1. Which part of region 93-110 falls in the paramagnetic zone of Arg277, meaning amide N under 13 Å from the point 7 Å along Cα-to-beta-carbon?
2. Between Asn761 and Ser34, how many nm apart are label points set 7 Å from Cα along the C-beta direction?
3. If you keep only loop residues by DSSP, which chymotrypsin sites (Phe, Trp or Tyr not before Pro) in region 46-140 have at most 11 other Cβ atoms within 10 Å of their Cβ?
4. Would you pull out the residues with amide H under 5 Å of Glu207's amide H, same chain only if 5 or more places away, H placed 1.01 Å from N?
5. Using a/c under 1.5 as the rounded threshold, could you call region 1-110 rounded, prolate or oblate? The axes a ≥ b ≥ c are square roots of the C-alpha gyration tensor eigenvalues, and prolate needs a/b larger than b/c, oblate otherwise.
6. Report the extension gain between Lys746 and Asp807 in nm, rounded to one decimal, defined as 0.36 nm multiplied by the number of residues separating them, less their alpha carbon distance.
7. Near the amide H of Val705, under 5 Å away, which other amide H atoms are found, from residues 5 or more places off or on another chain, if H is placed in the peptide plane?
8. Taking region 12-118, which trypsin sites (Lys or Arg not before Pro) meet the DSSP loop condition and have no more than 15 other C-beta atoms within 10 Å?
Amino acid sequence: MTNQHTRKRKALQLYPKDIFTKLEFDELLNILQSKCLSPLGKEKVAAIPMSTDVKTIRRELLRVREFKAMLTGELSDFPESNYLDLREELKLMEVQGYALDAEQIFRIYKVLKTVHKMFLFFHKEDGARMEQFPQLFELLKGLSFESVLINEIKTIMDDDGKIRPDASPELMRIRKFMQQRYRDLDARFRSTLNEYRKLGYLSDEGESVRHGRRVLAVKSEHKRKIKGIIHDESSTGRTAFLEPEDVLAINNDIFESQQQEKREIYRILKELSARIRPFLPKLRNYQLLLGRFDYIRAKALLAIDLNAVMPEVSSERKIVLQEARHPLLWLLNKKAKKTTVPLSVDINIVNRILVISGPNAGGKSVAMKTIGLLQLMLQAGMLVPCQQSSQVGIFQKVFVDMGDEQSLENDLSTYSSRLKNMKHFTENANAGTLILIDEFGSGTDPAFGGAMAEAVLDNLNRRFCYGVITTHYSNLKIYATNAKGIFNGAMSFDHSNLSPQYRLEVGKPGSSYAFELATKSQLDSKVIEDAKLKVGDDYREFDELLSTLQTEKQQILQREAEIASKERKLDKLLEEYNAKTKKFERKRKTMLLEAEQQALQAVTQVNKRFETLVREWNEQKGSKQQIKRVKEAVQQDKKRLQDSIEKHKEELFYRESSKELQVGSYVTLRNGREPGKVLELRKNKAIVEFGQMKTNVPTKELTVVEVVKKQQRAKPASSTYSHIAQIGSFTNSIDVRGKRREEAMKELEGFIDKALIVNANQVKVIHGIGDGILGRALRDILKGIPQVHSVRFEEPEYGGNGISIVDFK
């Protein structure tokens, strides 16, 4: 793609001329062009404006973001076809009296339909889409759609671009006459064909068409026997194609009608062109509108491919990128199903110039190109592949120095060309400049190159410009550590595997890992040792220190990540616990309310029954028969309640047993109700299974019981019975000894929830003494439960500090 930006583009100063190629922005524009529907959009991409105005950039980004939302929101009624280039037609229309042909007018018609659909799109849903996509709708402001223009064309043409039969009365007459003559021709020709076929004058094919006329395929030896005109002969000369005399007149009539039809159509199109001509300004505006929408649509499609967003466009100069990705590398890795390591960086007024160091092929240049390429994308009004929380400022100049620029034509070596670039930088850079330099100082003797690079860097720093620089030179790393406004960054390196991780770490310089990489490449160890001896002690110690610091930092980051993960899990558990506490408290209050309502209903019924008995007593003045009936009624009610209670007791409870304690026995804790099964006996202790939990309990704390099998019954009409069941099955103690902290806390939460549901006054938690971890964790959780009144240790003779007693309000 030809870089049309370097010509007459004063707003953003770019250096050098091939900056788009160096930053691979030209490849991105090629992809953008491929997504355009028309030459109009492609031309706008080729001349893509690089703005330095914050408002202009924000407006363009908002338009692209709205179009992206439109595409991803499945709004399929926005037109995506017939973005046609009408510049040739419009130019011809400027000539007075010129008549466009049917195809040209039909192209105008298709463009008008597309524009009409655009207007309709924004006016649907009672104008809600105008509010949903305000920046896109703004492109239509000042424009109106002339339905009279599209209607004019529809009266002449159908939807396939054919001239309608009723386009004019004369055309209708001509076509009717032609249709009649075609019918006459068909009848006359069939008659003649059958006549000469019976005589054997015709070849096997019988008939054909030559020069638009229907002819007989006559055997050569019989062509003199039929009157007519010979139009053609077969390649073998055995067949002559002859138009019989009988149909000549009809064919002549048809030919003349065809000429009349052409003249009439030309007249119609000329008149139509004259009616369209006054609308040329509107058609030009529609053309510009299509090109604009095509251009924005292409940007939106690319943004979808890149998973790009609109960062905050700052009025301050800064580049704060969160998880940014090189767009071309992202597309390449996505196709190959590989992961792209994101880049995060914060370049601001305090830390303006980033010096990146690290091993070769570690990603230094990619990181620098990513920052530069994303800056160009933003100032070109393109969404950027990064997190939406990113903040990017606007620069007035972007200067780049990278790659080999030696030139035989200009007698420039690589280093000479780099010095030429440095001259331009030091003379033209200012506080509004972004500078990108790759392998700063390379191309000459390292001692001189490093010193020159440090001097240039000092000059650029005093000009308050911003930038990203990559280097291997230690003096630049040290300078960046001490100088204000400059800060170090390193590409992370896996020291144990000797492999790059392609992740930028800001705040410290990086080692080049020259000796480590030489070892990995299996270079002779003696050669490596000799090289180490030839390097100065200070330099070697400095590089080893960088390597050690990076290794230690990786270990610290790994530990921090593990701690952060555990903290997130703990926060989640606490959040779940608080939510469950609130839920069960509401449930408990609801169940109590239902029980009280049912009790009130029962009292009301008893009161009514009592009033009835009193009324009957008074009416019969306490006769013996009445007294007997009252006693019988009371006894019946009493028996019915007793039977109901016993039934529920049989379903929900258990009875003590006189049997001895042995493996397989069912037991309860001394102060508990929940039955458990003895799995094993060890001296004065037993392993008992309560539900899904196994625990060690002293035998003196156990009571042998006989469990009554619960009866299966239908679900009661209310939750009162389920509440009774929970009260009956609840045991007021739990043993969490020997469990891991997370497991113990999870069981404890469920236990406390049940205690609150059944409105328990007191529960006991057996946690043991040990290091006191479980006891402290228990108290931390109970502090956040408003229903807890106090937490204290058990009496010394019953377990002391190994058991906590929890009293509820």
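The values are calculated or read from the model by the stated rules, or taken from the named source; none is laboratory data. What you see is a predicted model, and the numbers here were worked out from it, not measured in a lab. Every residue, glycine among them, receives a Cβ derived from its backbone with ideal geometry; neighbour counts consider all protein chains shown. Surface accessibility is based on the protein's heavy atoms, side chains included, excluding ligands, DNA and RNA. Shrake-Rupley method; radii C 1.70, N 1.55, O 1.52, S 1.80 Å.
1. Only 93-100 pass the distance filter.
2. Going from the Asn761 label point to the Ser34 one covers 8.0 nm.
3. none
4. HN-HN under 5 Å from Glu207: Ala217.
5. Since a/c reaches 1.5 but b/c is at least a/b, the shape of region 1-110 is classed as oblate.
6. 20.0 nm
7. Ser657, Tyr666, Val667, Thr668
8. Sites meeting the loop and neighbour criteria: Lys17.
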